[in-house]
Amino acid sequence: MALKNLLNTDTEARIFEIMSYAILERHFKNITVYIGFSLQDIEKKPLELYKTGRTNANDGGIDFVMKPLGRFFQVTEVSNYDKYFLDIDKVNHYPITFVVKTFKPANEVYSELIQYGSEKSGGLEVLQKKYHDAVEEVITINELISWINELNDSSIKWLIEEIDRYFKLEMNIVEVN
């Protein structure tokens, strides 16, 4: 499948972010959670992923947010973990799921981030715990490809349309009819 061929370490950053969004949106779309303020108010809610701005804007913002969980996602291709911890610091150590443009196993990147957080904390246990707790999950190209493989034909069609739509938006391509 051509989509999987676009998921590699050479993929342009904006394309990778657009594809990551579309794949994650499809992956989480049919997952529901139960949420309410009391046992009597519990409702079944689908997970919804939202892009929070333009891709690769370097605006200091978070790339995607998930309702109703308030989960943050940050897409990155940087192997220098300082940038990850700048993202963590800018949201005051709120947990972030990092979507990383690498074929390294997610658990390996996660372990490296945790180790880096330990080093960055300078031995301050309170800061170390905050850094460790802020790395919610790591998703790599491997998971994205796996999730593409789980999609049915209508989801693949939607995925292609969504990638095309955001690509045109990001590249300022105006279609003339």
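Candidates in the range 140-151 are the residues that are under 13 Å from residue 28 (Cα atoms) and aliphatic (A, V, I, L, M); of these, the one that is nearest to the chain's Cα centre (by Cα) is 144. Residue pairs whose Cβ atoms lie under 8 Å apart, separated by 6 or more positions or on different chains, with the first residue in the range 140-154 and free of Cβ contacts under 8 Å to residues at least 40 places away in the same chain and the second in a loop (DSSP other than H, G, I, E, B), are 142/103; 142/105. Answer yes if at least one residue in the range 126-144 is of a type in the set (Phe, Trp, Tyr), surrounded by 16 or more Cβ atoms within 10 Å (Cβ to Cβ) and at pLDDT 90 or above, and no otherwise. There is at least one residue in the range 126-144 that is of a type in the set (Phe, Trp, Tyr), surrounded by 16 or more Cβ atoms within 10 Å (Cβ to Cβ) and at pLDDT 90 or above. Of the residues 173, 114, the single one that is at pLDDT 95 or above and farther than 22 Å from residue 10 by Cα is 114. Restricting the range 32-58 to residues that are touching a Ser or Thr at 6+ places or on another chain (Cβ under 8 Å) and not in a loop (DSSP other than H, G, I, E, B), the residue that is farthest from residue 163 (Cα to Cα) is 44. Taken over the range 5-31, residues that are part of a helix (DSSP H, G or I) and either over 14 Å from the mean Cα position of the chain (by Cα) or of a type in the set (Lys, Arg) (or both) amount to 5.
Can you tell which of 94, 110 is touching a residue at least 12 places away in the same chain (Cβ under 8 Å), in contact with a strand residue (DSSP E or B) (Cβ under 9 Å, 6 or more places away or on another chain), more than 21 Å from residue 143 (Cα to Cα) and of a type in the set (Ser, Thr, Tyr)?
Values: 110 fails: more than 21 Å from residue 143 (Cα to Cα).
Exactly one residue qualifies, and that residue is 94.
Looking only at residues in the range 48-61 that are surrounded by fewer than 18 Cβ atoms within 10 Å (Cβ to Cβ) and either within 30 Å of residue 119 (Cβ to Cβ) or among the polar types (S, T, N, Q) (or both), the one that is modelled with the lowest pLDDT is 57.
Within the range 59-81, the set of residues being under 23 Å from residue 10 (Cβ atoms) and either among the acidic types (Asp, Glu) or assigned to a helix (DSSP H, G or I) (or both) comprises 63, 77, 81.
Close Cβ contacts (under 9 Å, 6 or more residues apart or on different chains) running from residues in the range 54-69 that are within 14 Å of residue 83 (Cβ to Cβ) to residues that are modelled with pLDDT under 70 and in a strand (DSSP E or B) are absent.
The values are calculated or read from the model by the stated rules, or taken from the named source; none is laboratory data. Bear in mind that the values here come from a model prediction, so they are computed numbers and not experimental data. Cβ sites come from the backbone with ideal geometry, for glycine too, and all protein chains shown count toward neighbours.
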